[in-house]
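Report on the following structure.
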Amino acid sequence: MWLNVPDFDQLLRSAQHSALHLEMRDVYGVPDEAPAVERFRETGESDLDPDSEYWHEWTAMVREATTRGVAVRRARIVSEPVTLYTRYLHAMTRVNVEAGEDVRWLPRHRASDLALPGNDFWVFDGRAVRFNHFTGDGDWADPRTSYTEDADVAKLCASAFEAVWERATPHALYAV
């Protein structure tokens, strides 16, 4: 059931129809974001340049996928009032949207009756699932991810994503 984890780039580039991402943490503490989060805490500013060193690989991949007709959707379940990290994400999400992602936000209290997997995940074309694993502090756990093409797991994750998506607020309408 659990397979070697393909590179994310490979999964997105091979997607033909959809790439769904569900994020469920209020804080991520991954080291490559620490300076940007600290800058946001101090100044309220974030990197909104889609061609910057921070963003260019991501925006290029998303643009390429959406140009091929792949729907790239991201849903975030967040506690309210939101954390500093969520405000940081919200401020930067403009770049995700401009690159071609569709992003929605769901307050955690509105997700209480939804059956959700225990980890953040990506579902590609409704058939492949890449789970992201984090420590309690929000850093990447070891192993950082797991991957499966098990049809039941893919169906569970896709169904959970769609349940969140249906209730969530589009990014442009969600105020933090």
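Remarks
- Odd one out for P170, checked against (1) surrounded by 15 or more Cβ atoms within 10 Å (Cβ to Cβ); (2) touching a Lys or Arg at 6+ places or on another chain (Cβ under 6 Å): (1)
- Test for E33: is it surrounded by fewer than 18 Cβ atoms within 10 Å (Cβ to Cβ), modelled with pLDDT of 95 or more and either among the charged types (D, E, K, R) or closer than 14 Å to E101 by Cβ (or both): no
- Strands (runs of 3 or more DSSP E) completely within the range 112-176 that count 2 or more residues being β-branched (V, I, T) and touching a residue at least 40 places away in the same chain (Cβ under 8 Å): 140-148
- Residue list for the range 88-113, restricted to those being surrounded by fewer than 17 Cβ atoms within 10 Å (Cβ to Cβ) and charged (D, E, K, R): R94, E98, D102, R108, R110, D113
- Of residues in the range 118-134 being over 13 Å from E149 (Cβ atoms) and surrounded by fewer than 17 Cβ atoms within 10 Å (Cβ to Cβ), the one modelled with the lowest pLDDT: H133
- Count - residues of the range 57-83 that are touching a helix residue (DSSP H, G or I) at 6+ places or on another chain (Cβ under 6 Å), in a helix (DSSP H, G or I) and surrounded by fewer than 18 Cβ atoms within 10 Å (Cβ to Cβ): 1
- Residue within the range 135-145 that is among the β-branched types (V, I, T) and buried (at least 19 other Cβ atoms within 10 Å of the Cβ) present: no
- Residue count for the range 7-26 under the criterion of being surrounded by fewer than 15 Cβ atoms within 10 Å (Cβ to Cβ), in contact (Cβ under 8 Å) with a residue 60 or more places away in the chain and part of a loop (DSSP other than H, G, I, E, B): the result is 2.
- Selection over the range 32-72 of residues that are among the aliphatic types (A, V, I, L, M) and over 26 Å from V123 (Cα atoms) gives a count of 4.
The values are calculated or read from the model by the stated rules, or taken from the named source; none is laboratory data. Bear in mind that the values here come from a model prediction, so they are computed numbers and not experimental data. FYI the Cβ positions are ideal-geometry reconstructions off the backbone, even for glycines, and counts take in every protein chain you see.
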